[in-house]
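In what follows, a single structure is set out as C-alpha cells and then discussed.
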Amino acid sequence: MQNGEASIKKALDKKAEYGPDIDLSRYSMIREQKIIENLEEAPEDVKKRMESVGITSSKETERDGSIMFIDNRISHCSNKAPDGVEIMSLKKAMAKYDWLKDLSWKLVSPDKDKYTARTYEEDADGTFVWVKAGYHVKHPIQACMMLGTDKGMQTLHNIFVIDEGAHAEMISGCATGSHADDGVHIGVSEIYIREGAYFSYSMIHNWGPKTSVRPRTGIQMDRDSKMINNYVILNPVATVQSAPTAWLNGEGASCQFNTICLAHPGADIDSGGTVILNAPRTGAEIVSRSITKGGKMMARGHLIGNSPGVKAHLECKSIVLEDGGQTLAVPKLDTFYADVDMTHEAAVGKISQDQIEYLMSRGLSEDEAVGMIIRGFLVGGIKGLPQELTDEINAAIEQSDLGH
Amino acid sequence: MHMLEIRDLHVEAGGREILKGVNLTIDEGETVTLFGPNGSGKSTLMAAIMGYAYCKVTKGSIFYEGVDITNMPVDERAKMGIGMMMQRPPNVVGVKLGDLLQTISRNNGDVLKHAGDFKMNNHLDRDLNVGFSGGEIKRSEVLQLTAQNPKLVLLDEPESGVDLESIELIGDKIHDLLYNTELCEMGRAKANRCVSALVITHTGQILDYIGADKGYIINDGRIRCSGRPTDLLKEIREKGYKECISCRMVKLP
Ligand SMILES: Nc1ncnc2c1ncn2[C@@H]1O[C@H](COP(=O)(O)OP(=O)(O)OP(=O)(O)O)[C@@H](O)[C@H]1O
Ligand SMILES: [Mg+2]
C-alpha cells in the first residue's frame, strides 16, 4: 500500500472533488445475504431488477460467466469458460494468487476520498475476473451489483485483468432491489488491459430515485490494447458522480469512453472521464450524450496528451427537454507537445422543432417523433455499442415517457 | 365538398406577413399546380397546409374534406391523409431512413422491399437526409410518401436537382401515388382517381408524368391568376412573371 494507514484513516472524512457530499453514517453495512446457486431460481423481484440492467437468468447460455453481489455479500458465481476465464470473489482470488496484491489499490488510491477510504477500511470484497492470455471470450461475462436493503451501503472492490492478446466483453448491471430505495453504492474498480488485449465493458444502471452512486475506476492499458467503456444511466437516481481515469501507457493503446445519460427531475449526475495518453500512437475518444428532463447533468471530459503523436477527441452533446434542470459540459484538453491531434466539441440545446414536425408530418405522434429523435441522439453517433445494449436503451426510453 | 379549401389565408413567418389573403381550392382527384417567382410564398403555403409551427395563421382558414384544420396539429393532419414532400427536409441525425419507413407504414415490412425500386436500398441504414444528394432526397421523400399513402399530396419542386434519368423514376412513382385507387371509397370511384395533389414547379417537367387540371400563380403572398397549367406556363415563359401578374386573370376553362 503506497499510502500510509494514517492518511487513509484521515481520508474517511475527506469530501470528494466533485458531486454532492453524502453522509455515510446514515447507512449501514449489510454483510449477510442469501446465496443464489442458480440465477434462474432467483426470486422473481430480484430477477426482474437484474433483467432491467442486462443481467439475464434465462439466457445464461449467452453468458460465459456470471457473478452477483447483493449488498456486500457474493450471492452467485458461475463460470462457463473455465479454460480461459477465472471469475470469483476478490477475497478468494487474493488468497489464491499472490501476485494480485501488486495490482490491488494501485490504480485507485485508498485516500482519494471518503468513498475509497471507506471501501479500503471495510476490506471490501468484489469481483475478480481474469481473462487469460490469448483467450477470446465468446459470450459476455456478466456482473450484477445489487443494493438489497433499504438504508444500506454497498462497498465493492473489483479487479479485472485482461491478459495479453485476450478478448473479452463484460456487462455490469447495477440496480437496487425492489425493497431498497435509499442506499449508497461505492464501487472501486481496477482494470488492467495487457498488451494486445481487447475489453468491452458496459455498465447499465437502474437505481432507485434516492440512491447515491460513487464509482471509482482506474484503467491501465499496455501496448496496442483497446478498450470500449459504455456507461448508461437512463432511470431515476439521486446522485451519481463518476470519473474513471485511464492511463494509456503502452504505445498504440486506445480507449473509448461512451456515456449515455438521462437526468430525470431531482437527479444530479456528474459523469466524466480522464484519459492520460502517455505513449506515442495512443488514441482516446470520450463521447457523452445526455438528455436533461429537469435534472442536473454535468458532463466532464479531460484529455491529457503526455506524449507526442497522440490523437484524442472529446465530444459532449446534450439535449434539454425541460426547464428547471441544469446542463453543464466541461471539456478539458491538456498537452505539452506540438505533435498532437486533440479536439473537442460540445453542444447543448433542445430538439429542433423542424425535426419533430418533419416526423409528425409522416403520421408519427409528437411523443413518437421525440422518442425516435432521442433514441437516435443517444445511440446513433456512438461506435461500438453492443446490439443488446442498444435494445436495453430503446426499452428504457420507451418506458421513460419522454414526450411532453 | 372540396378536398381542400383555403379561404383568405394570412400567414406570418419570422415576424413578417408572407401570405396576404390566399384563396384556393382542390377537388377530389384533382392535380393543381402552383407557380410563382422565388420567395413568393409557395413553400410557405404548403407548410401552412401541413401545419408547421413556424407558419402562424393570423387570419383565414383551411378546410380539408370539410373539416376546419387551421389549428390542427401536424400529425393529425397527416393521419387524415395529408402528405408532403418538402423542398428542403431537415437532417435528422441518428434516425435511420429504414426505421422511419417502418414506423410510417406501422411496421408493414413490405415497404422496405420497395426501397430498391426507388434506388434507396443502400440508404435504409443511413441517417435521414444526412449527406443525401439532391436527387436522393427527392427519392427518399417519395418513398416515405408511398409508405404513408396520403389522399392529398403536397409536392414542393419534386423535379428540382434531379437528373434526367431519375426524373423518370420520380415521375413514375409520383404517378403511382396519385393514381392509387385503393383509397377511393366504394361506389365513389371517379374516373379512377381520388388522390389530389398540389404541385409546385418552376419548369413544369413533372407535369409530363402526372398531368395537371388547373394552375395558380402566386406572387408576393397573393394568388394572381389561375388557369390551365399549360397556358400559365406558356405565359410565364414568354412574358415572365411581371407581365403575367399585372395581366388579366386567365379564365378557368
Ligand atoms: N421562417 C422564416 N423566417 C423569415 N422569413 C421567412 C421564413 N420562411 C419564409 N420566409 C420568407 O418568406 C418568403 C417566401 O418564402 P417561400 O419559401 O414560401 O418562397 P417560395 O415561393 O417557396 O420560393 P422558392 O421558389 O425560392 O422556393 C421569402 O422571402 C422567405 O425568405
Ligand atoms: Mg419554395
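No lab work stands behind these numbers, since they all come straight from the coordinates. Only a predicted model underlies this, so the values are computations on that prediction, with no experimental measurement involved. Reconstructed Cβ throughout: ideal geometry from the backbone, glycine too, with neighbour counts over all protein chains shown.
For this structure, a couple of remarks:
- Placing +1 on the Cβ of every Lys and Arg and -1 on the Cβ of every Asp and Glu, with nothing else charged, gives the range A:5-350 a dipole about its Cα centre of roughly 340 debye.
- Point-charge dipole on Cβ atoms (K/R +1, D/E -1) for the range B:1-129, about Cα centre, debye to 20: 440 debye
- Considering only A:Asn230, B:Ala53, A:Trp99, the residue lying farthest towards the positive end of the dipole of the protein assembly as shown is B:Ala53, judged by Cα position with unit charges set on Cβ.
- Efficiency of FRET from Cβ geometry, A:Glu40 and A:Trp99, R₀ 35 Å, rounded to 0.05: 0.50
- When Rg and the Kirkwood Rh are both derived from Cα coordinates, the Rg/Rh ratio for the range B:4-248 amounts to 0.95.
- Per-selection Kirkwood Rh - the range A:251-386 (Cα, Å, 1 d.p.): 16.0 Å
- Distance between the range A:141-171 and the range A:335-402 - C-alpha centres, whole angstrom: 28 Å
- Percent of beta bridges antiparallel (DSSP, chain B, rounded to nearest 5): 60 percent
- When only alpha carbons are used to place a centre, the range B:89-149 and the range B:1-76 end up 26 Å from one another.
- Amide H partners (placed H, <5 Å) of B:Phe35, local residues excluded: B:Tyr216, B:Ile217, B:Ile218
- Amide H contacts under 5 Å for A:Leu328: A:Met297, A:Met298, A:Ala299, restricted to partners 5 or more places along the chain or on a different chain, H placed in the peptide plane at 1.01 Å from N.
- Pairs of alpha carbons in the range B:60-136 whose separation is greater than 17 Å (percent): 57 percent
- Net length gained if the chain between A:Val330 and A:Lys311 were fully extended (0.36 nm per residue, minus Cα distance): 4.9 nm
- Efficiency of FRET between A:Glu122 and A:Asp339 - r from beta-carbon atoms, R0 45 angstrom, step 0.05: 0.50
- Greater than 20 Å apart at Cα, pairs in A:Lys112/A:Lys317; B:Lys20/B:Lys59; A:Lys114/A:Lys151; A:Lys92/A:Lys132; A:Lys9/A:Lys92; A:Lys9/A:Lys96: A:Lys112/A:Lys317; A:Lys9/A:Lys92; A:Lys9/A:Lys96
- Among beta bridges identified by DSSP and lying wholly in the range A:11-142, the antiparallel ones come to about 85 percent.
- Computed lengthening from A:Ala347 to A:His139, 0.36 nm per intervening residue step minus Cα-Cα distance: 71.3 nm
- Exposed-site-free run, longest, chain A (rule: GluC sites (Glu not before Pro); DSSP loop; at most 10 other C-beta within 10 Å): A:33-404
- Radius of gyration over Kirkwood radius for the range B:79-190, both on Cα atoms: the Rg/Rh ratio is 0.96.
- Base-10 log of normalised Debye intensity for chain A (one unit scatterer per alpha-carbon) at q = 0.14 Å⁻¹: -1.31
- The antiparallel fraction among DSSP beta bridges confined to the protein assembly as shown stands at about 20%.
- C-alpha center-to-center spacing [the range A:217-236, the range A:30-94] in angstrom: 21 Å
- Theoretical FRET efficiency, 1/(1+(r/R0)^6), r = Cβ-Cβ of B:Arg222 and B:Glu165, R0 41 Å, to 0.05: 0.65
- Amide H partners (placed H, <5 Å) of A:Ser189, local residues excluded: A:Asn158, A:Arg216, A:Thr217, A:Gly218
- Shape metrics for the range A:351-404, restricted to C-alpha atoms - Rg then Dmax, Å: 11.7, 32
- Estimated 222 nm signal from helices in the protein assembly as shown, with DSSP H stretches of n ≥ 4 weighted -39500 (n - 2.57), rounded to 500: -6500 deg cm²/dmol
- Residue order, fewest to most surrounding Cβ atoms within 10 angstrom, among B:Val74, A:Val348, A:Val340: A:Val348, A:Val340, B:Val74
- Here the 3J(HN,Hα) profile of the range A:254-269, calculated from phi with Karplus coefficients 6.51, -1.76 and 1.60 at θ = phi - 60°, is 9, 9, 10, 9, 10, 10, 10, 10, 10, 9, 6, x, x, 7, 10, 10 Hz, Gly and Pro shown as x.
- Surface/4 estimate of mean projected area, convex hull on alpha-carbon atoms of the range A:123-257, nm²: 7.7 nm²
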